[in-house]
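What follows is a structure written as structure tokens; I'll ask about it next.
Taken together, the values in this text are just the output of simple stated rules run on the coordinates, not laboratory data. The shown structure was predicted, so the numbers you read here are calculated from the model rather than taken from an experiment. Here the Cβ positions follow ideal geometry from the backbone for every residue, glycine too, while neighbour counts run over all protein chains shown.
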Amino acid sequence: MITRHVIAFLSILMPLHAAEGWWNKEWTQRQKLTLNTGADGAKLSGPLENAAVLVRLHAGNFQFSKAAADGGDLRFVTDDGKLLPHQVESFDALMNEAFVWVKLPSVAAGTTTVNLYYGSANPAAVEPAKTADVYDAVLVWHLSDRGAAPTDATANGNNGSVALAASEGAIIGSGARLLGAEPVTIAASPSLDFSGGFTWSAWVKPSALQAGAEIFRRGEFRILLDQGVPLVTVGNQRSTPVPALAAATWSHVVVTAGDGKVSLYVNGEAVSQLATPLPVLDGALTVGGADAGARFVGEIDELEISKGARSADWVKFAATSQGGTEAGQRTVTLAEAESGEGGGGKHSGGALEHLSLFGDIANNMMFDGWIAIGICAIMIVVGWTVAIQKFKYLNTIQKGTKEFLRQWKQLSSDLTAIDHGDQASIRNLGGADSHQMSVIEKSPLYQIYHIGSEEIRHRLARDKQRTQGLSARSIQAIRAALDGGLVHETHRLTKGLVFLTISIAGGPYVGLLGTVVGVMITFAIIAKSGEVDVNSIAPGIASALLATVVGLLVAIPALFIYSYLNSRIKEATSGMQVFIDEFVAKMAEFYPPAGEVSPYAPQPVSKNH
């Protein structure tokens with residue numbers, strides 16, 4: 001961080017004049033974008049044509065402060081000066097994060113370089129190429145519409161029928177959630193003629209492993225996730241089973257169809273192939289499950305449909321470059337920024353001058369203003385301390401919950417495997433080792449499970465043979481105990497958040513109080529001295545307003561942090577509620593009341609055998 005600031009400061013004093021080979025003097029910044037398809041990158045077998053490349057921009061590889069706030073001055077230019085089409089999917093200068101798609105007519109085997117220019121005070125000097133030219137697909141959904149129906153990024157207008165819930169922090173920016181409700185349909189259009197074959201590509205994240213969950217359908221052609229196993233069905237034909245996708249994990253799924261075969265790819269690798277010609281596919285397309293019993297529940301991002309069967313290299317490049325993995329970071333890289341003698345070069349000096357003014361303003365700050373700033377500083381320290389502790393706590397319980405659910409998945413198939421007469425068996429979930437338990441015990445789900453198991457143990461202790469089971473009243477009482485545990489764990493999750501809400505609500509008011517008092521004192525001094533001129537008023541007013549600025553600097557980060565933490569806490573609370581329902585259902589199933597027999601109980605052996 002310090003090194004970057006030093007380089008930026010030196011670039012202000014001694015600008016690097018890169019006149020030779022500089023594309024346009026209106027643009028002041030340039031970074032070299034390199035695509036590596038060799039053995040240490042995407043590992044492709046040859047060149048790639050007409051690739052839409054995802055460029056991830058963040059604080060570590062891009063100077064957001066020198067670009068337009070909406071990314072409107074970004075231009076991608078080849079070494080010979082040709083302007084390339086690009087689309088900004090999202091550009092957040094506040095969070096220092098952006099996702100940009102660039103069309104490369106040809107990606108050579110080995111490395112290909114392109115220049116990213118930005119930092120123009122007059123972006124209209126060179127209009128960007130058409131956004132619709134970025135893609136050679138017939139449908140591209142970035143699914144970053146946030147509460148609106150999916151919009152096609154191509155010129156074909158193949159938009160979705162219904163709005164989808166937003167999924168923040170998807171694999172590429174924001175995505176969409178499919179909640180098992182009404183599916184998304186796309187009306188048939190001339191652009192969606194699949195008579196010559198097609199390619200379907202998307203990132204999917206199943207919430208749980210469902211039976212027969214349908215992701216995509218058109219006519220007799222379906223793409224399924226059956227208990228997490230990706231399958232393709234064409235009429236009565238079905239692709240061979242492959243390893244299941246992990247629940248709550250993003251996976252890249254691609255299906256290519258053409259030339260009498262259908263190929264299935266997962267995370268860039270071919271996993272299955274079905275030898276069959278395509279039937280006539282001319283109806284509407286459905287995403288998320290056409291039938292009520294086959295609705296996919298999970299998240300989806302970056303859905304793309306193309307005419308013709310894409311190559312294996314195209315699939316591998318898409319999975320590698322879009323996934324954000326280490327291999328993807330080696331595949332698409334940005335070099336350090338270069339500065340040119342552009343028309344926007346004066347902005348850096350102006351920004352530095354503005355920053356220096358804050359020192360002058362602080363020198364004129366009165367005692368009352370410093371009190372307000374001191375209170376705001378205490379709020380910042382307390383609020384950030386709580387935030388850091390809460391971040392660590394949520395990450396810890398998330399890790400514990402993941403391990404607990406892995407153990408619970410095995411245990412829930414036979415709850416009687418736990419010896420409820422043995423507290424050690426209850427504690428270690430019937431066989432988890434000490435290392436696993438040290439992680440699991442941090443999970444709130446484990447605490448709720450422990451409460452429920454102890455309640456079962458107390459009630460079964462009356463019947464040493466454990467044939468009595470649990471009555472409906474006992475199950476109701478145990479659910480009440482579990483709900484009590486939920487309330488307790490929720491209190492632990494939300495403990496301390498009040499300090500963030502105090503910062504959000506109180507910071508601006510404390511700053512405003514400092515400003516109002518400072519303005520009053522300034523005018524009182526003017527009234528006593530009788531000097532009424534700008535030089536006597538401006539410093540006092542400016543220093544008084546600094547208190548409000550500090551108050552806002554307390555509240556704004558606290559607001560974002562609180563919103564993020566609150567969303568994670570709600571997610572954890574929802575998970576506990578779902579687990580309680582599942583635990584009660586399993587408990588009622590495996591411990592039926594007297595007179596009823598559990599379907600999982602061992603059947604008596606006939607005397608005739």
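So if I take the centroid of the Cα atoms in segment 48-103 and the same for segment 467-507, what is the distance between those two points in Å?
Using only Cα atoms to place each centre, the spacing works out to 46 Å.
Treating only the Cβ atoms of Lys and Arg (+1) and Asp and Glu (-1) as charged, compute the dipole magnitude of segment 107-194 about its Cα centre; round to the nearest 20 debye.
Numbers: 3 positive and 8 negative charges, 37 e Å.
Computed about the Cα centre, the dipole is about 180 debye.
Next up: Once R0 is set to 41 Å, what does the formula 1/(1 + (r/R0)^6) return for the Cβ-Cβ distance between A472 and H435, expressed as a FRET efficiency to the nearest 0.05? Show your work: numbers first, answer last.
Numbers: r = 39 Å, r/R0 = 0.96.
The value I calculate is 0.55.
For every helix of n ≥ 4 consecutive DSSP H residues, a contribution of -39,500 (n - 2.57) applies; sum these over the chain, divide by its total residues, and give [θ] at 222 nm rounded to the nearest 500 deg cm²/dmol.
Values: 11 runs with 234 residues, N = 609.
Calculated from helices alone, the mean residue ellipticity at 222 nm is -13500 deg cm²/dmol.
Answer with a single label: of (1) 159; (2) 224; (3) 198, which was calculated as volume of the Cα convex hull per residue in Å³ from the structure in view?
After the calculation, the listed value that fits is (2).
Can you sort D79, D136 so the residue with the fewest Cβ neighbours within 10 Å comes first?
On the way: D79 12, D136 15.
Arranged by neighbour count, lowest to highest, D79, D136 become D79, D136.
Each residue of segment 87-94 in turn: what ³J(HN,Hα) in whole Hz from Karplus with 6.51, -1.76, 1.60 and θ = phi - 60°, glycine and Pro shown as x?
After applying 6.51 cos²θ - 1.76 cosθ + 1.60, I find 9, 8, 5, 7, 8, 10, 5, 6 Hz.
Where a Cα-Cα gap under 17 Å defines reach, which lysines qualify for K442, not counting those fewer than 8 residues away within the same chain?
Leaving aside lysines fewer than 8 places away in the same chain, those within reach of K442 are K390, K392, K399, K402, K495.
Students often forget the sequence filter, so: which lysines lie under 27 Å Cα-Cα from K32 once same-chain residues fewer than 8 apart are removed?
Output for K32: K43, K66, K82, K103, K130, K316, K346.
What is the list of residues in segment 201-224 whose amide nitrogen lies under 17 Å from a point 7 angstrom out from the Cα of S413, following Cα to Cβ?
Under 17 Å, as judged by backbone N against the label point of S413, lie 209-211 of segment 201-224.
Label segment 10-168 by shape, choosing from rounded, prolate and oblate, from the square roots a ≥ b ≥ c of the eigenvalues of the Cα gyration tensor; if a/c is under 1.5 it is rounded, and otherwise prolate applies when a/b is larger than b/c, oblate when it is not. Please list the in-between numbers first.
Working: a/c = 1.79, a/b = 1.30, b/c = 1.38.
Oblate, because a/c is 1.5 or more while a/b does not exceed b/c.
Taking the dipole about the Cα centre of the chain, with the C-beta of Lys and Arg at +1 and of Asp and Glu at -1, give me whichever of Y393, F216, V232 is farthest to the positive side.
Going by the charge dipole, the pick is Y393.
A170's amide H: which non-local residues (gap 5+, or another chain) put their own amide H closer than 5 Å, with H modeled 1.01 Å from N in plane and none for Pro or chain starts?
Here G175 satisfy the definition.
What is the distance in Å between the Cα centroid of segment 262-284 and that of segment 362-389?
Answer, in whole Å: 60.
Here is a follow-up. Report, in debye and to the nearest 20, how large the dipole of the chain comes out about its Cα centre when Lys and Arg carry +1 and Asp and Glu carry -1 on their Cβ. Display every interim value, and only then the final one.
Values: 47 positive and 56 negative charges, 336 e Å.
Here the size comes out at about 1620 debye.
So what is the relative contact order of the chain, in percent, for Cα pairs below 8 Å that sit 6 or more residues apart?
Working: 1141 pairs, mean separation 82.7, N = 609.
So the answer I get is 14 percent.
A follow-up question, please. Run down the aspartates and glutamates and flag those whose C-alpha is under 14 Å from the C-alpha of K409, throwing out any fewer than 8 positions away in its chain.
E582
In nm, to one decimal, how far is the modelled label at A292 from the one at D79, with both set 7 Å along Cα→Cβ?
The two pseudo-label positions are separated by 6.2 nm.
Report, by chain and number, residues whose modeled amide H sits under 5 Å from the one on K261, excluding near sequence neighbours (fewer than 5 apart, same chain).
T276
Moving on. How far apart, in nm, are two points set 7 Å out from the Cα along the Cα-to-Cβ line at I378 and at T113?
If labels sit at I378 and T113, their model points lie 5.7 nm apart.
Estimate the FRET efficiency between D136 and K402 by the formula 1/(1 + (r/R0)^6), using the beta-carbon distance for r and 25 Å for R0, to the nearest 0.05.
Working: r = 40 Å, r/R0 = 1.58.
With a Förster radius of 25 Å, E is 0.05.
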